[in-house]
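Undergrad: I have a structure I would like to understand better, so I am pasting it below and will then ask my questions one at a time.
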Amino acid sequence: MIKSMTGYGFAAGTIGKLEITIELRSVNNRYLDCSVRIPRVYTALEDTIKSTVQSYISRGKLDIFVTVDSSKCDDIIISINEPLLKAYANALGTISDLTGASNELTAYSFSRLPDVLTVEKREQDIDKLSAGITATLKEALNAFNAMRIVEGEKMYNDICGRLNKIENLVGIVEERSPQTVIEYRAKLTQKMQELLQSTSIDESRILTEAAIYSDKIAVDEETVRLKSHMAQFRDILTLSDPVGRKLDFLVQEMNREANTICSKCNDTSIAHTVVDIKSEIEKIREQIQNIE
C-alpha cells in the first residue's frame, strides 16, 4: 500500500530517570532530507538517529525533535578537595597563631574558598542512552508510518477512481474515432457531388481519401498505450516499496499519449473528451507529488 510523504509521529520513553520525547514531522521532498534537533550534549547520537530513520523512510523532508528531561536525575556529584581543605585550615590556623586573631571560619566559609568544592555531572552510559533513544524513535516512526498509511489509502482510493474515469473517457474516444472517418467520407462525397454535379464520382478516389484521412487521425495505438499505462499504474499502487517516482514517470507518459490523441483528432467531441482526460491526469499528478 502506498504511503503519503506528509505525516506526524510522537513517542515518549524513559532511560533511568531521564525522560525522552521524540516528535516527527514531514512534508514533500524529492529526496530524504532529515533534520535532527537534539540537546547539544547528545549530538553524538545524531548519526544513529538518522540511520534509524533511513530504514523507515525513503523520501520527504523530515524534522525530528528530541527532548531529554534530566530534572529528576541525581547525576550531580559534589567532591571535596580534602588536601586543599586541610592546607587552607592549617594556613588559617597559622595566621591565627601569628596574629592573635580569632579563627571564626565555619563549614560554609570553608566551602566558599576557591576550589574546595567541585561540581561534576555523573558520566552517562552512552550505549544505554543510544538504545533508549532508538527504541523511543522507533515507536514514533511506527506512529508516523501508521498516519502515512491512512493518508496513502485515501490517495489510493482517489487515484483509482480517477483512473476508472479516464478509462471510461478513453472508451468514448475509441467509440467516436471510427465515426469521424464515416462523417469525413460523407462530407467528402457531398462536396464532390456539389463540384462535379452531373459528372460521375470516382468512388475509388473517395475511398483512397477516406483511407488516408483515417490513417492520419487513427488513435488506436495511443489509446492502447494509455490503457496499458493505467493497468501498470494500478499494479504499482499495490506495491509496498516506495513508488512515487515510478508513478510520476507513468503520469508523464499518460499525458504524452493524451496530447498525441488531441493533436491527431480533428473532431470537437473527441477534443473535449481529451481535455477531460488531461484534467484527470493532472489531478492524479498532483496527488502523487505526496506519495513516497
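The values are calculated or read from the model by the stated rules, or taken from the named source; none is laboratory data. Keep in mind the model is a prediction, meaning the values are calculated, not measured. Using ideal geometry, Cβ is built from the backbone for each residue, glycine included, and neighbour counts are taken over all protein chains shown.
Undergrad: Mind listing just one residue for me: the one in segment 25-52 that is touching a helix residue (DSSP H, G or I) at 6+ places or on another chain (Cβ under 8 Å) and hydrophobic (A, V, I, L, M, F, W, C) and, of those, nearest to Asp69 (Cα to Cα)? Break it down into steps so the answer makes sense when it comes.
TA: Taking segment 25-52 and keeping what is touching a helix residue (DSSP H, G or I) at 6+ places or on another chain (Cβ under 8 Å), we get 26, 32, 34, 36, 38, 42, 44-45, 48-49, 52.
Then drop every residue that is not hydrophobic (A, V, I, L, M, F, W, C), which leaves 32, 34, 36, 38, 44-45, 49.
Numbers: Leu32: 29, Cys34: 23, Val36: 17, Ile38: 12, Ala44: 17, Leu45: 16, Ile49: 18 Å.
If we take residues in segment 25-52 being touching a helix residue (DSSP H, G or I) at 6+ places or on another chain (Cβ under 8 Å) and hydrophobic (A, V, I, L, M, F, W, C), then Ile38 is nearest to Asp69 (Cα to Cα).
Undergrad: Please tell me if Lys283 is in a helix (DSSP H, G or I), closer than 18 Å to Asn164 by Cα, assigned by TED's automatic domain parsing to the domain that holds Lys165 and touching a residue at least 40 places away in the same chain (Cβ under 8 Å). Lay out the reasoning, then the answer.
TA: Values: in a helix (DSSP H, G or I): yes; closer than 18 Å to Asn164 by Cα: yes; assigned by TED's automatic domain parsing to the domain that holds Lys165: yes; touching a residue at least 40 places away in the same chain (Cβ under 8 Å): yes.
When the stated conditions are applied, Lys283 passes them.
Undergrad: OK, next. Of the conditions (1) surrounded by 15 or more Cβ atoms within 10 Å (Cβ to Cβ); (2) modelled with pLDDT of 60 or more; (3) of a type in the set (Gly, Ala, Ser), Ala210 fails just one. Which one is it?
TA: For Ala210, the failing item is (2).
Undergrad: In this structure, is Ile281 within 22 Å of Arg148 (Cα to Cα) and either at pLDDT 90 or above or among the basic types (Lys, Arg) (or both)? Don't jump to the end; show me each part of the working.
TA: Numbers: within 22 Å of Arg148 (Cα to Cα): no; either at pLDDT 90 or above or among the basic types (Lys, Arg) (or both): yes.
No; evaluated as a whole, the condition is false for this residue.
Undergrad: Is it fair to say Tyr8 is of a type outside the set (Val, Ile, Thr), closer than 19 Å to Met147 by Cβ and not in a strand (DSSP E or B)?
TA: Considered against the rule, which asks whether it is of a type outside the set (Val, Ile, Thr), closer than 19 Å to Met147 by Cβ and not in a strand (DSSP E or B), Tyr8 comes out as no.
Undergrad: Follow-up. Residues in segment 16-29: is at least one part of a loop (DSSP other than H, G, I, E, B), basic (Lys, Arg) and surrounded by 15 or more Cβ atoms within 10 Å (Cβ to Cβ)?
TA: no
Undergrad: Can you work out which of the residues in segment 21-47 that are among the β-branched types (Val, Ile, Thr) and out of contact with any Leu (no Cβ under 9 Å at 6 or more places or on another chain) is farthest from Ala146 (Cα to Cα)?
TA: Among them, the one singled out is Val41.
Undergrad: OK, next. Thr238 is checked against (1) under 30 Å from Gln54 (Cα atoms); (2) surrounded by 14 or more Cβ atoms within 10 Å (Cβ to Cβ) and fails just one. What number does that condition carry?
TA: (2)
Undergrad: Take the residues of segment 166-187 that are of a type in the set (S, T, N, Q) and farther than 16 Å from Ile281 by Cα: which is modelled with the highest pLDDT?
TA: Going through segment 166-187, the residues of a type in the set (S, T, N, Q) turn out to be 168, 177, 179-180.
Narrowing further to those that are farther than 16 Å from Ile281 by Cα: 177, 179-180.
Values: Ser177: 74, Gln179: 71, Thr180: 67.
Going through the qualifying residues, I end up with Ser177.
One line per residue, one yes/no per condition, for (1) in the same structural domain as Asp241 (by TED's automatic domain parsing); (2) charged (D, E, K, R); (3) in contact with a His (Cβ under 8 Å, 6 or more places away or on another chain); (4) closer than 14 Å to Ile133 by Cα:
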position: Pro39; (1), (2), (3), (4): no, no, no, yes
position: Ala44; (1), (2), (3), (4): no, no, no, yes
position: Asp47; (1), (2), (3), (4): no, yes, no, yes
position: Lys50; (1), (2), (3), (4): no, yes, no, yes
position: Ile64; (1), (2), (3), (4): no, no, no, yes
position: Pro83; (1), (2), (3), (4): no, no, no, no
position: Lys86; (1), (2), (3), (4): no, yes, no, no
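Undergrad: Turning to a different aspect of this structure: Is it true that some residue in segment 254-263 is at pLDDT below 80, hydroxyl-bearing (Ser, Thr, Tyr) and under 51 Å from the mean Cα position of the chain (by Cα)?
TA: Checking segment 254-263: at least one residue is at pLDDT below 80, hydroxyl-bearing (Ser, Thr, Tyr) and under 51 Å from the mean Cα position of the chain (by Cα).
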